[in-house]
Protein chains: 2
Amino acid sequence: MQNPGLDALLNPNSIAIIGASTDPNKISGRSIHYLNTYGYSGKVYPINPKYEEVQGHRSYSSLFDIPGEVDLVLIAISAKHVIKTLNECVQKKVKACIIFSSGFAELGEEGRKIQEQISEIAKTSTMRIVGPNCQGISNLKTRSTTSFSTSFADEKLAYGSTATISQSGAVAAMAYNIQKDYGRGVKYWIATGNESDVNVQELVHYIVDDPDIKVVQAYFEDVKDGELLIEAAKKARQLKKPILALKPGKSDEAKKAASSHTGALAGEDIVFDAICQQYGIVRVDDIMELSTFPQIFELDKKIQGKKVAILTNSGGLGVMMVDKCKELGLEIAQFSEETLSKLDTILPEFAATENPIDLTAQLLNDKQLLSNAFPILMEDSQIDIILVAFSGIGKGYDIAGMINDIAKASKEGDKMLAVSWVASEKGVIEAFGEKGIPAFPDPTLMIKGVAKFADYQLRSRRDIENSTVNETAKPISLDSYARDSSNGFLSEYNSKRILKKWSLPVTKEGLANSADEAAELANAFGYPVVMKVSSEFIQHKTESGGVRLNIQNADELREAYESILQNSLQVVDRDQIEGILVQEMVQEGFEISLGLKKDPIFGPVIMVASGGIYIEVIKDFRLLVPPVTYDMAKQAVDSLAMAPLLNGVRGKAKLDVDALCRTIISFSQMIQESGDQLEEVDMNPVMVMEEGQGVRIVDALFKLKELNLIKIG
Amino acid sequence: MQNPGLDALLNPNSIAIIGASTDPNKISGRSIHYLNTYGYSGKVYPINPKYEEVQGHRSYSSLFDIPGEVDLVLIAISAKHVIKTLNECVQKKVKACIIFSSGFAELGEEGRKIQEQISEIAKTSTMRIVGPNCQGISNLKTRSTTSFSTSFADEKLAYGSTATISQSGAVAAMAYNIQKDYGRGVKYWIATGNESDVNVQELVHYIVDDPDIKVVQAYFEDVKDGELLIEAAKKARQLKKPILALKPGKSDEAKKAASSHTGALAGEDIVFDAICQQYGIVRVDDIMELSTFPQIFELDKKIQGKKVAILTNSGGLGVMMVDKCKELGLEIAQFSEETLSKLDTILPEFAATENPIDLTAQLLNDKQLLSNAFPILMEDSQIDIILVAFSGIGKGYDIAGMINDIAKASKEGDKMLAVSWVASEKGVIEAFGEKGIPAFPDPTLMIKGVAKFADYQLRSRRDIENSTVNETAKPISLDSYARDSSNGFLSEYNSKRILKKWSLPVTKEGLANSADEAAELANAFGYPVVMKVSSEFIQHKTESGGVRLNIQNADELREAYESILQNSLQVVDRDQIEGILVQEMVQEGFEISLGLKKDPIFGPVIMVASGGIYIEVIKDFRLLVPPVTYDMAKQAVDSLAMAPLLNGVRGKAKLDVDALCRTIISFSQMIQESGDQLEEVDMNPVMVMEEGQGVRIVDALFKLKELNLIKIG
């Protein structure tokens, strides 16, 4: 870790506090109080001309009075004085600042302007800035608790191998407090607030390298740097360190609320979701998942599959867990004969030895039951995961002994093990936490976490290599395909010429400027044919009478040519019509739609959708971020609701999914190699033919970003 | 409540315990211990010839030695002696027994046979039996704790207005213990085990009348009496007492596990789900929901709509809650101008006054903030529900004062209010529980519960009257439609004659026994027509060449007639062919499929499905249980994934959903009025035409149950 600015934030050697307060409960006093309480070993410089001493530290009247270097400055003064102070920090060569003050982008236009100035200072200096409107940072290892969060008010730090990196201080506090309740802890506690400079993505990217860290918890209200998030995710995957991400903003209402909270301008949630899927970020659903799943994701166990053994003292709980496991994609292990007969010897006659194993109340009488059962399960290769679920364990049970037996089994065995202990005595969950055993009061929460962990591990095991894109320094120019400006739109003919350049399979077609030319083309392709007007000025060809399908012979063709031309001349001039497109008619196949949209945060995004009426009614689509590998394309296609129609349902023929995936890869290559020239691409329909017959892009519409105007005529 | 058997179970005046133990930890001793501990005021008769006295009560050597009447007998002896003891109980005129012993249907065939004998004893006597393999019953009001569950081991009963009725003792125990942790309690704690006689349905049906009970929690591993469950649900709806139902068994693995737990033979989960939907049973998803939702469902508040106000001390929590509310179908209230300006006067400048309201850390300084804010929200008619969500409330906060302020607001205001308090100090959730305020450590769980409560209340408010079915004592006979036995199948012609009898809209059609007759029919209907073989012996007409579509003229018709006849004669004899059906050809419309299936538990079930390929690929169907009202039919149709195609999407015409709903109602009437004669009905496709054009049942296949054989020829 060798970024001086970020190092100064995460592990400062000296900290100055502007307007330091003698009151340990005030925002400008609390951090000093925490530094004192937890025994921070670096230098602490209160700055307050009113006092000689603040909370035991010599007080300075100004930053410039401090004799040595200052790594980190904490700022909790009124918004309007912040800029001046920051400039002084730059002058003093301070490495980083944390601005606690609020009153910036979250309050509206005026505040947003000051915040822009803050960003500007960060950009034009080497000084890094966290905040404003943030609760700061704590490193629980070095005890540099430069935060005013009440998280640290109870005088005991809960240290652990998680990094909690959040825009919201309250979310960081909840995640921390819940982990504490579970007997767990964190190394970093970070709340970045409005993110004028340093943001969650950058910190995730940086901290994932920290050898103390096993899991990163990230809470986003918006993503400011999509590329950096992807880089962070790639690095985390390489290092096998899971990122758990919580991000509200699925609803417009939540986006609005986020904006008034941290001034966040959230992008499309579905794109964020696609990024998570594609790069192995584990998206969690709520604060409980964010806070409790690190228990599981920290486990140093390699999962081979999804086959679960359930060990319970309650038949009813076992039945419910089986259902929940299946619902969430886990499998119920079929025990080997050996396991069954071994279990038979240690379990009472009336206990169920099949999965789920019901130990019954026998657990009360037979103190060896657990320690006898675990080795049997650990040895069965039909089992990948062991879930322990207890309820009604109270008076009479040797609870400490049970916890020890479970911890021992987990330590000695290869398989992952998690515990759900319903309505437990006080302290049970915490005791497991302290021994590094994932434990939950809520069985559903445990199963959700285990299912996500299995998905994460099994997926990250698959070799997701990057596609072999030729990342040319200079993008291939598309200028020659643009005939004229019409808001950047290209004609169908030129759109398809671009597709052909990247070997995307378009329909056979040619441009005719007379009925004779048209007839010649039709003879070459064979009837029936389709005819369409080709003009960058007509985007809605069908509506303006510019399309004729199923033309059976030369007579129909000549009539169609005239009719399309006349109809189109109602809408545009003759010299705006490039010609009439004559096209082979694709009669069979399943309609897919492929498109490119630009996301303001993540850039180009490929949409793969069921075509025709499906997409409108059931919103059957998947998003992919280039570069796309074959594996990614296949996964996207196979996860469409209509995928069974592609893969042969009801005795119908299988369609050419392979060709579709290769088309998606070519599309991704085209997007990459053409840089930012593409604004929007819509290929609809793309007909997927029977296996071996490929696909045909029947219609295509390109919109370019910057068009060199080539004047017509 | 005046069922002597069930009364003896729920509120016995005298209890005998067979094989009573002096050890309060043994199964046969524990119940006596509990009865003593909690001060049960009725008579307790231990039966054990070995002792003079058992746990302070005089012991008897046999049931017959007991001087007076015995209401309830507890049996915890070996399975093989149970029958003998039960017979003695009958002889002694015992009103009810609870059999704790295991070793019955849950262990296999042998046990199942003994269990059948138990059922037989219950059937042939007035004595009611709970169990075997059950943990028994506790009435926490009268303290008749006739259970051996460890739930009651901690010497404090948690009494409340919920009834916990469960097959599984462990599930009852979890539900009870979790409720206790939340400061709540139950009146009845019931675990019915293998249900040889009394089952959860019957107890729900009975207990819902108890004026002490506000909410029923029910856990099913199987449903033995579907009709009774429906009756219970109807009564509960009438009484406005919610039934919360938890039932695993979605997966085959869970069904298997349930069977080895309580010998349960679970039916189709989707049918149970449809019953819940249709009769307002609130199906919950797991043990946490079952245990914590009564807090909400007990509330005596009338919800007017789904518009939620969120009051939080954390912007991040507010943003997440907004998202979760939207995801779960709640709406985010738009505050009135008056509310906004009133909030402005009490909130600090930097707090968000829009929804979600962020009180910020100001809550620490301004002790009046909460008590000032609530009346403002309670008065705004734009708000239906108030959700309070706190986090990071620790040192320095007046927690008791906050709890009081919230309780006061809930008591004084009309609107429902629920609290989520993340990572709280110990005792906070419990304190809310004791004041009758729903409180949750997990915001997601709270929102799920509130959303289900709003659905429940708003739905039960709608007038779901029963359909005006003419419930004839004697079903209308279908014998005359059956020409011969072929496993009960009818020909298409006869199937449709039945449909016509109940005014279901079938295609215009007639039966021809010569090409001339066919031509005559075609002329009457107008070309194009469809021709099909009509025979109860050919169920797969298309495959055997018995169908011709789109016949355009007389020539084609004559050729088709011969061809269909010849093809069919390859499969059946001439006298098995009723004739050739000539039918109008329905060319437009959306394909729906309507069917009837018989569920082993719930009887006839109507399936409404998107037709054609949709149903196979996306399983787009809904189930309805007759009698079906217009409202139910409409709700089912509108909730199909493909509903937008019926209701006009992409500028397409709206289709005749009204006629479809009326068809479903007629279908339901037909099912009711024909009693149990119908085994299966398949109408596919049912074409839904444009609005005002009705629907056409194009094909139909009936299977009758008992067919009076009318011999052919």
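Give the residues of region A:324-341 that are over 17 Å from A:A454 (Cα atoms) and buried (at least 19 other Cβ atoms within 10 Å of the Cβ), sorted by residue number. The answer is A:F335, A:T339.
Screening A:Q693 on (1) surrounded by fewer than 22 Cβ atoms within 10 Å (Cβ to Cβ); (2) within 14 Å of chain B (Cβ to nearest Cβ) shows it passes everything except condition (2). Within region B:591-613, the set of residues being open to solvent by 40 Å² or more (accessible area, probe 1.4 Å) and within 14 Å of chain A (Cβ to nearest Cβ) comprises B:E591 only. Answer yes or no: is there a residue in region B:650-671 that is in a helix (DSSP H, G or I), in contact with a Cys (Cβ under 7 Å, 6 or more places away or on another chain) and open to solvent by less than 10 Å² (accessible area, probe 1.4 Å). Looking through region B:650-671, none of the residues is in a helix (DSSP H, G or I), in contact with a Cys (Cβ under 7 Å, 6 or more places away or on another chain) and open to solvent by less than 10 Å² (accessible area, probe 1.4 Å). Number of residues in region A:458-494 that are under 35 Å from the mean Cα position of the chain (by Cα), part of a loop (DSSP other than H, G, I, E, B), surrounded by 14 or more Cβ atoms within 10 Å (Cβ to Cβ) and at pLDDT below 75: the value is 3. A:N48 meets all of the listed conditions (1) closer than 30 Å to B:E349 by Cα; (2) crowded, with 21+ Cβ neighbours inside 10 Å but one, namely (2). Among residues of region B:433-446 that are closer than 15 Å to B:T312 by Cβ, those with a Cβ under 6 angstrom from a residue that is among the polar types (S, T, N, Q), sequence gap 6+ or separate chain, pair up as B:F440/B:S420; B:P443/B:S420; B:M446/B:S420. So in region A:1-45, with the set limited to residues that are aromatic (F, W, Y) and outside any helix (DSSP H, G or I), which one is surrounded by the fewest Cβ atoms within 10 Å (Cβ to Cβ)? The qualifying residue surrounded by the fewest Cβ atoms within 10 Å (Cβ to Cβ) is A:Y40.
The set of residues in region B:518-551 that are of a type outside the set (G, A, S), free of Cβ contacts under 8 Å to residues at least 60 places away in the same chain and outside any strand (DSSP E or B) comprises B:E520, B:N523, B:F525, B:Y527, B:P528, B:E536, B:F537, B:I538, B:H540, B:K541, B:T542, B:E543.
Of all residues in region B:134-154, exactly one satisfies the criterion of being within 14 Å of chain A (Cβ to nearest Cβ), open to solvent by 40 Å² or more (accessible area, probe 1.4 Å) and either farther than 29 Å from A:Y397 by Cβ or touching a residue at least 40 places away in the same chain (Cβ under 8 Å) (or both), namely B:Q135. Confirm whether A:V422 is over 28 Å from the mean Cα position of the chain (by Cα), surrounded by 23 or more Cβ atoms within 10 Å (Cβ to Cβ) and at pLDDT 95 or above. So A:V422 does not fit the description; no. Scanning region A:634-649 for residues that are open to solvent by less than 40 Å² (accessible area, probe 1.4 Å), out of contact with any Phe, Trp or Tyr (no Cβ under 7 Å at 6 or more places or on another chain) and in a helix (DSSP H, G or I) turns up A:A636, A:V637, A:A643.
Listed here are the residues, each with its yes/no results for (1) under 26 Å from the mean Cα position of the chain (by Cα); (2) outside the structural domain of B:A373 (by TED's automatic domain parsing); (3) of a type in the set (A, V, I, L, M); (4) buried (at least 24 other Cβ atoms within 10 Å of the Cβ).
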position	(1), (2), (3), (4)
B:A431	no, no, yes, no
B:E434	no, no, no, no
B:P441	no, no, no, no
B:K448	yes, no, no, no
B:A454	yes, no, yes, yes
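Could you check A:P375 against (1) under 17 Å from B:A257 (Cα atoms); (2) open to solvent by 60 Å² or more (accessible area, probe 1.4 Å); (3) under 39 Å from the mean Cα position of the chain (by Cα) and say which number it fails? The failed condition is (1). Please go through region B:282-323 and pick out each residue that is within 11 Å of another protein chain (Cβ to nearest Cβ), more than 13 Å from A:A254 (Cα to Cα), open to solvent by 10 Å² or more (accessible area, probe 1.4 Å) and outside any loop (DSSP other than H, G, I, E, B). If the condition is that a residue be within 11 Å of another protein chain (Cβ to nearest Cβ), more than 13 Å from A:A254 (Cα to Cα), open to solvent by 10 Å² or more (accessible area, probe 1.4 Å) and outside any loop (DSSP other than H, G, I, E, B), then B:M288 is the only one that fits. Regarding B:N177, is this residue within 19 Å of B:N133 (Cα to Cα) and over 19 Å from the mean Cα position of the chain (by Cα)? It is false that B:N177 is within 19 Å of B:N133 (Cα to Cα) and over 19 Å from the mean Cα position of the chain (by Cα).
Restricting region A:90-106 to residues that are part of a helix (DSSP H, G or I) and without any contact (Cβ under 8 Å) to a residue 40 or more places away in the chain leaves a set whose member that is surrounded by the fewest Cβ atoms within 10 Å (Cβ to Cβ) is A:Q91.
Every test in (1) more than 18 Å from the chain's Cα centre (by Cα); (2) more than 11 Å from every other protein chain (Cβ to nearest Cβ); (3) open to solvent by 20 Å² or more (accessible area, probe 1.4 Å); (4) free of Cβ contacts under 8 Å to residues at least 40 places away in the same chain is passed by B:Q277 save one, and that test is (1).
Inspection of region A:115-129 finds a residue satisfying the criterion of being in contact (Cβ under 8 Å) with a residue 24 or more places away in the chain, in a loop (DSSP other than H, G, I, E, B) and either within 14 Å of chain B (Cβ to nearest Cβ) or surrounded by fewer than 20 Cβ atoms within 10 Å (Cβ to Cβ) (or both). Residues in region A:632-660 that are of a type in the set (D, E) and within 14 Å of chain B (Cβ to nearest Cβ): A:D638 only. Being within 27 Å of A:E337 (Cα to Cα), among the acidic types (D, E), away from every other protein chain (no Cβ under 11 Å) and open to solvent by 50 Å² or more (accessible area, probe 1.4 Å) is a condition met by at least one residue of region A:402-416. In region A:614-625, the qualifying residues are those that are closer than 30 Å to A:G226 by Cα, touching a residue at least 12 places away in the same chain (Cβ under 8 Å) and open to solvent by 20 Å² or more (accessible area, probe 1.4 Å), and the one that is nearest to the other protein chains (Cβ to nearest Cβ) is A:I618. Close Cβ contacts (under 8 Å, 6 or more residues apart or on different chains) running from residues in region B:332-350 that are touching a residue at least 12 places away in the same chain (Cβ under 8 Å) to residues that are open to solvent by 100 Å² or more (accessible area, probe 1.4 Å) comprise B:T339/B:E379; B:I346/B:Q368. Checking A:D384 against (1) away from every other protein chain (no Cβ under 14 Å); (2) more than 20 Å from B:A257 (Cα to Cα); (3) charged (D, E, K, R), only one condition comes out false. Which one? That leaves (2) as the condition not met.
Number of residues in region A:356-381 that are away from chain B (no Cβ under 14 Å) and touching a residue at least 24 places away in the same chain (Cβ under 8 Å): the value is 13. Scanning region A:390-419 for residues that are within 33 Å of the chain's Cα centre (by Cα) and free of Cβ contacts under 8 Å to residues at least 24 places away in the same chain yields one hit, A:K411.
The values are calculated or read from the model by the stated rules, or taken from the named source; none is laboratory data. Note that the structure is predicted; figures quoted are calculated from it, not measured. Counting neighbours? That spans all protein chains shown, and the Cβs are built from the backbone with ideal geometry, glycine included. Note: areas computed on protein heavy atoms with side chains; ligands, DNA, RNA excluded. Shrake-Rupley method; radii C 1.70, N 1.55, O 1.52, S 1.80 Å.
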